[in-house]
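Just below is one structure, and these are the notes that go with it.
Nothing in this text is a laboratory measurement; each read-out follows from the coordinates by a stated rule. What you are looking at is a predicted structure, and each value in this text was computed from that prediction instead of being measured. Reconstructed Cβ throughout: ideal geometry from the backbone, glycine too, with neighbour counts over all protein chains shown.
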Amino acid sequence: MDYNWNWGVLFQDPYLGWLILGVQWTFAVALAAWVIALVVGIVVGVGRTLPSRPISLICTAYVELFRNVPLLVQMFLWYFVMPEMVPDEVGRWMKRDMPNPEYVTAVIALGLYTASRVAEQVRAGINAVGPGLTNAAYANGFSVAQTYRYILLPISFRLIVPPMTSEFLTIFKNSSLALTIGLLELTAQSQQIAEYTFNGFEAYTAATVIYVCIALVATLVMQVAERYTRIPGYMGSK
Amino acid sequence: MADFDFDVIANNLPFLWQGLQLSLLLTLLAVVGGIVFGTMLALMRLSGILPLSLLAGTYVNLIRSVPLILVIFWFYFLVPLALGRPIGSFYSALIAFTLFEAAYFSEIIRAGIQSVRKGQVHAAQATGLNYWQTQRYIVLPQAFRNMIPILVTQGIILFQDTSLVFVVSLRDFMTVSSIVARTEGRLVEMYIFAACVYFVICFAGSLFVRRLHKARPA
């Protein structure tokens, strides 16, 4: 194997800065998208379990649509196609004047995509509570809104903390797709360093180590969260 | 929407079909490779031999914490270097997908193996089967039967993931669509068409999974 090792390159002037910038963008995309994913995902997930047929149909359609198209295609749809579909004025603004177009697009695309996955977890959590408690609530004269507010949501939100951990990790990994529309996040920066210095081994190792560290920290934080949100007696159920 | 140009799709249909064939081929090979290697990883983790289970566990957790794009970059860079000659992006992508998806398949297979009741293993050993015979004739056939719907679901996810070979310009369906989009200046038509094709294939796949679930008593 013919290869010039040079680990020092990672700490040299522009390259260390690139890596740090990449980490910042990765966090900026992942965290902002997570907010969208949580809000939209909870609304859609709850919607799928509502007794109203039209609402649950719309929410099911949302999940099927966003889950069955690759995230990369969705990125391109938001970035290249969306500005052409809206009225001319808005399209021109999106193409010319919108601040940070790559970032905004990546956050929207990743957020709405992850929302469909979060919605599935929320729905599974609500279904896991079981019909017994729901029927008991209705028998006591609770309205639909009260049943969700006081019975279903408090229990199901605690049940779904473990699967949400892995969704939270996935959003960090999926934020790397932002590089396809030109956002220089962590993976893109490591690839750029590899191209500039021919030290691909070092550059990709750096990115790998950083992703592993993010995963470890997130797992630790969520383990603590899981301990506090666990419901005694529900241990066996997921 | 009125000036949606269907001709650009019709004119480039053979080229697009080539791309789709490559996507499907890559999916098929990576699913087979991923299941074979994933089964090995799962058996290693459940072997009870500490170095083996530690090794497999570390591998699975490492792969599962990095993005697929980074893994594709890794092997695009690493494979030619290790072999000392360029071998083209198809093979490096295939290796990347097989090794990456094997980590995810191994978690599914591990759960599948654990779903086979312990009594089956004990009965096999009592009748004199050795470890490999027990796995080959008793555990794995039952485990795989239980896992089929989840394996198909993972196959659909893998098919969607193959679109990421775009980052190394391998000519799969996604890359080909974007080449047509750029050369013809028809981004709107091509990307909507690509989304429709992916949606139809993946949605049909998930309906098939739903039928598999209904066909089997839980």
### Task
Grab the beta carbon distance between A:LEU184 and A:GLN146, set R0 = 35 Å, and tell me the FRET efficiency rounded to 0.05.
0.10
### Task
Order by neighbour count: B:MET40, A:MET75, fewest other Cβ atoms within 10 Å first, most last.
B:MET40, A:MET75
### Query
Per-residue mean of other chain beta-carbon atoms within 10 angstrom of the beta-carbon, peptide B:71-83?
4
#### Entry: Where chymotrypsin sites (Phe, Trp or Tyr not before Pro) fall in DSSP loop in region B:1-83, at most 10 other Cβ within 10 Å
B:PHE6
### Task
Obtain the nm distance between the two label points defined at B:ARG182 and A:ARG53 by a simple spin-label model: each point lies 7 Å from its Cα along the Cα-to-C-beta direction.
4.9 nm
### Message
Under a crude label model (7 Å from the Cα following the beta-carbon direction), how far is A:TRP5 from B:ASN11 in nanometres?
### Response
5.5 nm
### Query
Which of the chymotrypsin sites (Phe, Trp or Tyr not before Pro) found in region A:157-238 are loop residues per DSSP with 16 or fewer other Cβ atoms within 10 Å of their Cβ?
A:PHE198, A:TYR234
### Query
When the Cα centres of region A:80-127 and region A:186-204 are compared, how far apart do they sit, in Å?
29 Å
### Message
Relative to 2.2 N^0.38 Å, what does the C-alpha radius of gyration of region B:7-215 come to as a ratio? Two decimals please.
### Response
1.20
### Summary
Rh_Kirkwood(region B:114-179) over Cα pairs, Å, one decimal, evaluates to 14.8 Å
### Message
Checking a compactness column here: for region A:1-126, what do you get for Rg(Cα) / (2.2 N^0.38 Å), N being the number of residues?
### Response
1.41
### Task
Kindly provide the helix-only [θ] at 222 nm of chain A, computed as the sum of -39,500 (n - 2.57) over DSSP H runs of four or more divided by all residues, to the nearest 500 deg cm²/dmol?
-24000 deg cm²/dmol
### Gained length - A:THR219 relative to A:MET85, 0.36 nm times residue gap less alpha-carbon distance
44.2 nm
#### Entry: Number of partner chain Cβ atoms within 10 Å, mean per residue of A:190-203
2
#### Entry: Rounded to whole Hz, the Karplus (6.51, -1.76, 1.60) HN-Hα couplings of region B:128-139, x for glycine and proline
x, 6, 7, 4, 5, 4, 4, 5, 5, 9, 10, 6
### Summary
Distance in nm between B:ALA111 and B:THR153 label points, each 7 Å along Cα→Cβ, equals 0.7 nm
### Task
Calculate the tail of P(r) for the protein assembly as shown: the fraction of all Cα-Cα distances greater than 37 Å, expressed in %.
32 percent
## Note on the structure
To the nearest 0.05, the calculated FRET efficiency linking A:LEU133 and B:ALA215 through their beta-carbon distance, R0 being 30 Å, is 0.45
### Gain on full stretching of the segment that runs from B:ILE49 to B:PHE4 - 0.36 nm per residue minus C-alpha separation
10.1 nm
### Query
In peptide B:192-205, how many Cβ atoms from other protein chains are near each Cβ within 10 Å, on average?
4
